[in-house]
């Protein structure tokens with residue numbers, strides 16, 4: 001074939017490819033959007049009623065861990081340790097500035113519940129539980145400072161002192 005024929009065929013193929021690309025782009029541009037893309041993501045945790053005397057175990061508790069100190073990686077380290085003990089991890093991030101936490105605190109956005117008490121046993125004796133705090137993340141919030149070392153052995157289950165609710169993993173997940 002001569003050069004003109006090869007050039008014409010090449011040009012024709014390139015034009016066809018461009019037309020196909022334009023057609024596919026137009027179809028994608030005018031396609032319907034999903035009704036609610038956010039609703040399709042399952043929730044990290046759901047409120048679950050706990051009766052007086054009912055046992056709460058680590059697998060029932062969602063925990064978000066926040067670094068309130070200056071040591072990098074504290075939140076991830078503690079979150080991994082709690083996950084290895086059966087807790088369900090949620091968020092890991094830095095805590096708001098100037099929390100003043102030296103060792104560790106457990107925060108809940110409502111009253112103290114058995115889930116918060118159970119988490120506190122895994123952070124060491126005397127770990128304070130602060131109530132009615134703004135939610136930094138889903139579930140029980142653990143804020144760790146620079147002086148928190150290795151975690152002591154915590155309780156495997158804890159009975160509810162009164163009827164309450166806790167943030168647990170969705171039933172179909174956990």
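Overview of results
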{"quantity": "Residue among 158, 11, 82 with the largest mean-square fluctuation in a Gaussian network model of the chain, springs linking Cα atoms under 10 Å", "calculated": "11"}
{"quantity": "Most mobile of 144, 13, 65 in a GNM of the chain (Cα contacts under 10 Å)", "calculated": "13"}
{"quantity": "Proxy reagent accessibility, fewest Cβ within 10 Å first, across 16, 141", "calculated": "16, 141"}
{"quantity": "Sorted by Cβ neighbour density within 10 Å, fewest at the top, the residues 93, 35, 49, 60", "calculated": "35, 49, 93, 60"}
{"quantity": "Kirkwood hydrodynamic radius over Cα pairs of segment 88-128, then Stokes diffusion coefficient at 25 °C and 0.890 mPa s, in µm²/s", "calculated": "210"}
{"quantity": "Acute angle (nearest 10 degrees) that the helix 74-84 long axis makes with the longest principal axis of the chain, alpha-carbon atoms", "calculated": "80"}
{"quantity": "Mean Cα-pair separation over length for the chain, i.e. relative contact order, pairs under 8 Å, 6 or more apart, %", "calculated": "31"}
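Rule-based calculations on the coordinates, nothing more; no lab input. Predicted model, so just to flag it, every value in this text is computed and none were measured. Please note: Cβ atoms are built from the backbone with ideal geometry, for glycine as well, and neighbour counts cover all protein chains shown.
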